[in-house]
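The values are calculated or read from the model by the stated rules, or taken from the named source; none is laboratory data. Not measured: the values here are computed from a predicted model. In this analysis, Cβ positions are derived from the backbone assuming ideal geometry, glycine residues included, and neighbour counts consider all displayed protein chains. When the accessible area is computed, the model is the full protein with side chains, heavy atoms only, and any ligands, DNA or RNA have been set aside. Shrake-Rupley method; radii C 1.70, N 1.55, O 1.52, S 1.80 Å.
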Amino acid sequence: MSNEISALQKARAEYQPKLPKALRGGSIKILLGEPSHPETDLDAIRNLFPKTFGQPVASIVEGDGDLCDAPLKVGVVLSGGQAPGGHNVIAGLFDALKAANPESKLYGFSKGPGGVIKGKYQELTAEIIDAYRNTGGFDMIMSGRDKIEKPEDLAACKKNFEDMSLDGLVIIGGDDSNTNAAVLAEYLREQGSKTVVIGVPKTIDGDMKNEQIEASFGFDTAAKTYSELIGNICRDATSAVKYWHFIRLMGRAASHVTLECALQTHPNIALISEEIQTKGTTLSEIVDYIVEIVCKRADAGKNYGVVVVPEGLPEFISDIKAMIDELSNILGKDDEYIGSLPDQYERLQYLNNVLSDRSARVYGSLPREIQEVLLTRDSHGNVPLSQVETERLLIDLVADKIRLMTDRGEVDFSFSPLAHFFGYEGRCAAPSNFDADYTYSLGAAAAQLVRAGMTGYTVNIQNLTSPADEWVAGGTPVTMMLNMEMRKGKQTPVIKKALVDMEGAPFDWFAANRVDWALNDRYSFPGPIQYFGPSEVCDKPTVTLELESSGCKQCG
Ligand code: FBP
């Protein structure tokens with residue numbers, strides 16, 4: 001690493017992540033359960049994944065198994081957005097491979113799946129690994145958002161793996177990247193390749209979770225980092241007593257990050273996209289709700305407050321969602337033509353003709369910058385929501401309404417809003433103890449699945465609210481988590497994103513408290529992540545994870 005090492009980095013390099021008992025060095029075996037199947041779209045998924053469909057769920061336990069002890073060559077790649085703990089997955093993988101056989105080699109593919117396709121890699125030595133232990137970021141080998149999907153990409157990967165004599169590839173990524181892992185695993189098995197493919201659940205968004213995967217890594221650290229900042233802003237709000245802070249939080253479609261930060265800090269308003277979708281709330285109703293609270297607080301002499309907004313919100317407001325879906329279908333067919341139009345005016349003219357009247361009206365009513373972002377998709381077909389400035393849109397609409405009410409003599413106070421976006425600030429934070437331990441364990445478990453020659457699996461670590469000692473590692477067949485969704489106008493197999501469960505304990509706890517938080521100042525100040533000190537401070541998991549495992553005692 002070229003940069004000078006900070007005092008914290010130096011001390012943190014010494015931290016030895018905790019591991020579940022079964023992964024702590026003794027002999028290991030893999031227990032296999034019943035054949036698995038996805039919850040829906042069984043036939044479609046079986047047809048697309050004939051070689052890897054139906055594989056059993058696996059548990060890694062202590063005992064004498066026949067895992068490979070010969071030297072292995074394994075590749076690793078980081079895919080998609082950064083998430084704290086990625087380096088520790090690699091360190092856990094490295095240490096476990098070397099412990100099984102010191103002659104084993106680990107190769108890091110650079111800049112994401114694109115590096116796998118191009119065959120760009122370097123051997124990861126102990127010296128490289130040691131420099132990145134317990135650090136945030138993905139800078140050891142960097143990341144990228146390419147997708148291994150075209151037949152020529154799959155063939156290029158196979159050839160590279162043959163040239164390297166690679167036994168396994170570990171793909172560290174979110175739902176889309178783990179889906180990609182399944183596609184590659186299926187292809188390689190069908191081609192008779194020896195290379196197995198294992199996925200690791202990564203994303204700060206917290207939306208890659210299900211019965212098998214309790215949490216994606218990085219969510220804990222990112223949510224704690226944002227919560228520290230929100231807490232600081234709450235304190236500033238009550239000190240200056242003159243600003244309304246509108247804070248948009250990263251997290252893509254799901255509102256897990258926003259909900260977790262609300263549970264940690266108790267802002268006056270938190271919008272949860274999933275609730276807005278369930279209730280069919282319109283944009284103007286959201287604005288009315290915010291204005292009502294702003295006015296009530298002004299009546300009580302509190303001309304300040306804090307609003308948190310999930311970045312995925314636009315996709316959950318019924319009229320905007322319908323318009324985005326229509327746009328996705330149109331882009332699936334006419335992407336190149338729309339891209340070739342000289343300016344936004346021309347694009348608007350064209351879209352006016354092809355969108356339904358309602359969607360054309362909604363699209364036309366949005367600010368130009370948002371219109372332009374809505375015409376782009378990433379390689380997985382997602383709208384790049386982190387670029388949509390929803391907090392500013394809400395500020396404009398709320399300010400307009402308060403201005404109107406002031407003109408009519410209905411209210412008389414000044415509304416001074418400030419906009420913030422917290423996203424990239426949290427994705428590369430030094431991993432919390434939880435994420436440092438969790439990711440190191442995920443890496444160690446991935447090594448065991450590769451040693452067992454398993455393919456098309458995502459690593460899982462369960463029982464996460466208990467001490468690491470009691471965590472249980474295993475593997476979940478990716479095909480078990482798939483469903484068919486429309487992407488770029490085409491039915492595509494993808495891992496189902498976990499949205500906030502409206503019946504779940506985290507949402508219940510929030511819903512039971514939000515009226516109190518809206519009008520009274522119940523802010524909570526979590527402060528910065530602590531790496532040294534009492535376990536109840538340093539090892540605490542997220543409120544979401546705690547409530548999901550213990551239920552909502554406070555809600556009655
Ligand atoms: P992943 O789904 O790849 O983990 O990405 C997470 C995320 O941070 C989202 O919350 C955000 O919308 C997106 O990445 C931003 O993408 P980019 O890094 O390409 O700007």
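Mind listing whichever residues of segment 196-255 are within 13 Å of the ligand (Cβ to nearest atom) and of a type in the set (Val, Ile, Thr)?
Selection gives VAL200, THR203, ILE204, THR221, THR225.
Using beta carbons and a limit of 6 Å, which pairs, at least six apart or on different chains, have the first residue in segment 301-327 and of a type in the set (S, T, N, Q) and the second one open to solvent by 10 Å² or more (accessible area, probe 1.4 Å) and more than 16 Å from the ligand (Cβ to nearest atom)?
Every condition considered, the pairs that remain are ASN303/PHE413; SER318/GLY280.
For (1) outside any helix (DSSP H, G or I); (2) more than 16 Å from the ligand (Cβ to nearest atom); (3) free of Cβ contacts under 8 Å to residues at least 24 places away in the same chain; (4) over 25 Å from LEU188 (Cβ atoms), each residue gets a yes or a no:
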| site | (1), (2), (3), (4) |
| --- | --- |
| GLN16 | yes, yes, yes, yes |
| LEU19 | yes, yes, no, yes |
| LEU31 | yes, yes, no, no |
| ASN47 | no, yes, yes, no |
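Every residue in segment 105-150 that is of a type outside the set (Val, Ile, Thr), more than 11 Å from VAL77 (Cβ to Cβ) and part of a helix (DSSP H, G or I), please. Full working, then the answer.
From segment 105-150, those of a type outside the set (Val, Ile, Thr) are 105-115, 118-124, 126-127, 130-134, 136-140, 142-147, 149-150; that's our starting set.
Right, trim to more than 11 Å from VAL77 (Cβ to Cβ) and you get 105-106, 118-119, 122-124, 126-127, 130-134, 136-137, 139-140, 145, 147, 149-150.
Matches in segment 105-150: LYS118, ALA126, GLU127, ASP130, ALA131, TYR132.
Would you please name the residue that is farthest from the ligand (Cβ to nearest atom), looking only at residues in segment 375-386 that are part of a loop (DSSP other than H, G, I, E, B) and not charged (D, E, K, R)?
Going residue by residue through segment 375-386, those that are part of a loop (DSSP other than H, G, I, E, B) are 375-384.
Cutting the leftovers down to not charged (D, E, K, R) gives us 375-376, 379-384.
Numbers: LEU375: 16, THR376: 11, SER379: 10, HIS380: 8, GLY381: 13, ASN382: 8, VAL383: 9, PRO384: 6 Å.
Among residues in segment 375-386 that are part of a loop (DSSP other than H, G, I, E, B) and not charged (D, E, K, R), the one farthest from the ligand (Cβ to nearest atom) is LEU375.
With the requirement that a residue be in contact with a strand residue (DSSP E or B) (Cβ under 8 Å, 6 or more places away or on another chain) and more than 16 Å from the ligand (Cβ to nearest atom), what does segment 67-97 give you?
The answer is LEU67, PRO71, LEU72, LYS73, VAL74, GLY75, VAL76, ILE90, LEU93, PHE94, LEU97.
Pairs only if they're at least six apart or on different chains, beta carbon under 6 angstrom, first in segment 138-153 and over 15 Å from GLY381 (Cβ atoms), second modelled with pLDDT of 95 or more and open to solvent by 80 Å² or more (accessible area, probe 1.4 Å); list them, first residue then second.
As it stands, the answer is MET142/LYS111; GLY144/LYS111, since those pairs meet every condition given.
Evaluate the following for GLU389: is it open to solvent by 80 Å² or more (accessible area, probe 1.4 Å), within 16 Å of the ligand (Cβ to nearest atom) and charged (D, E, K, R)?
yes
Take the residues in segment 359-386 that are over 27 Å from the mean Cα position of the chain (by Cα) and either charged (D, E, K, R) or buried (at least 19 other Cβ atoms within 10 Å of the Cβ) (or both); name whichever of them is modelled with the lowest pLDDT.
Applying the filter and picking the extreme gives ARG368.
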